[in-house]
Amino acid sequence: MSSATYHTLLRTPGAAAFFLTATAGRLGIAMTGLGIIWLVHGRTGSYAVAGLVTGGFSVTEALVGPQLARLVDHFGQTRVLPPVLLAHSAAVLSLLTLVADARPIWLMTAAGASVGATIPQLGALSAARWSALLQGERAPALPTAFALESLGNGLCFLVGPALVTAVGASSDPAHGMTLATVLVVGGGMAFAAQRRTSPATAGAAERRHAGRSLRRPGFVAQVGVNLTLGLYFGAMQVSVTAFAVEHGAADSAAPLYAVSNCAGLLAGWLYGLRRWRGAPAVQLACATAGLALSCLPLLAAGSGPELGLALAATGLAIPPILILSSVLTTASVKPAALTQAFTWLNSASAAGSAGAAAVSGRAVDAYGAHGGFVIAVAATSTMAALAAAHARAA
């Protein structure tokens, strides 16, 4: 085990440039959804309207993202990304203008939807570059590359929401949205400029064959794993907040989330430090089983410290699951469709999170925070069953 593994990986020609620029863009992406909430609520004073506009953003991001990824696989990252980023800039400008002018809610919602439809999936694009860069005898380094991606993504979604909240609370909420857009567009353009590491485009026949690989059982299993992982995320977002409120410590929700996130960052870093001998499908089955088991103490947690320990345990299992899912996706899907594959995983997770948030809200209203934790346990148990079935069939 040696942290030089990451250092060596980033010394691969062109790797540091595309990883760092993609990470800058992902920081902006992590700020965008919450930035819309701050922007709309700051102008309208209504969380209902802010939630509606943000919902439009989330739905189109999940639905349109795979279609943009298909264009990327067809025409290449460096040709598709710049016009998408320009369209994203125009969509954000439209949203800022409509909100500032207090336009009708449906117009603001449509603008929010256009922001989601044009936001680039830089994480999927970066993962596709690693897959193209680390082929042949370099392929054993892919898990480390995906661990690095997990670390970058985790840091972005830890820092991004805090940053946009600080900007939105201390100044004009539009400034937070503007900063997010500058990061997305600036990082995305710099990423697109790294032509040397961009995956080569395939011919029409190869693309058709690659498209069929998206229906392979191995990839379908990974979509299921990410869907159930999204269910877990959605249930936890509602349940942890409800738990903090029930115990008269609403301000403790943010530290509790931070405990889980920091544990995940540590686990992702440690996982990438060594080469694991077990088959990835078996490792995934073990990691998902570990997450399912670590969720059980949530049902008995009766205080903030108890919940914090349980969340730390669950956080340790998340990065290995994401890393192994990416590794298995690379093995299942042809290179000419990898960007679509990675984007579908993101969309599955987002869909699961949105659905679970709604269902968990009702469960919490009826049974308290532990009703939401039951949904999290059910989701992770289903995930473990899916991963175990895939491991047996592999």
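Applying the criterion of at least 3 residues that are of a type in the set (A, V, I, L, M, F, W, C) and touching a helix residue (DSSP H, G or I) at 6+ places or on another chain (Cβ under 9 Å) to the helices (runs of 4 or more DSSP H) found wholly in the range 202-305 leaves 217-246, 253-271, 280-295.
Per-residue answers, yes or no, for (1) farther than 17 Å from Gln340 by Cβ; (2) crowded, with 17+ Cβ neighbours inside 10 Å:
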| residue | (1), (2) |
| --- | --- |
| Leu179 | yes, yes |
| Val185 | yes, yes |
| Ala190 | yes, no |
| Ala200 | no, no |
| His209 | no, no |
| Arg212 | no, no |
| Arg215 | no, no |
| Asn226 | no, yes |
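With the structure loaded, tell me whether Val115 is closer than 27 Å to Pro335 by Cα and of a type outside the set (Gly, Ala, Ser) or whether it fails that test. Considered against the rule, which asks whether it is closer than 27 Å to Pro335 by Cα and of a type outside the set (Gly, Ala, Ser), Val115 comes out as no.
For the range 84-94, the criterion of being under 14 Å from the mean Cα position of the chain (by Cα) and modelled with pLDDT of 90 or more is met by none of the residues.
The residues of the range 38-52 that are on the phi < 0 side of the Ramachandran plot and surrounded by fewer than 22 Cβ atoms within 10 Å (Cβ to Cβ), listed by number, are His41, Gly42, Arg43, Thr44, Ser46, Tyr47, Ala48, Val49, Gly51, Leu52. Applying a threshold of 9 Å to beta carbon distances and a minimum spacing of six or more residues, or different chains, the list of pairs starting in the range 280-296 at a residue that is in contact (Cβ under 8 Å) with a residue 12 or more places away in the chain and ending at one that is outside any helix (DSSP H, G or I) reads Pro280/Ala394; Ala281/Ala394; Val282/Ala394; Gln283/Trp276. All told, Pro305 falls short of being free of Cβ contacts under 8 Å to residues at least 60 places away in the same chain, buried (at least 24 other Cβ atoms within 10 Å of the Cβ) and outside the structural domain of Ala128 (by TED's automatic domain parsing). Within the range 95-136, if we keep just the residues that are under 24 Å from Leu151 (Cα atoms) and surrounded by fewer than 17 Cβ atoms within 10 Å (Cβ to Cβ), the residue that is modelled with the highest pLDDT turns out to be Ala132.
The values are calculated or read from the model by the stated rules, or taken from the named source; none is laboratory data. No experiment lies behind these values; they were computed from the predicted model shown. No Cβ is skipped: glycine too gets one built from the backbone with ideal geometry, and neighbour counts run over all protein chains shown.
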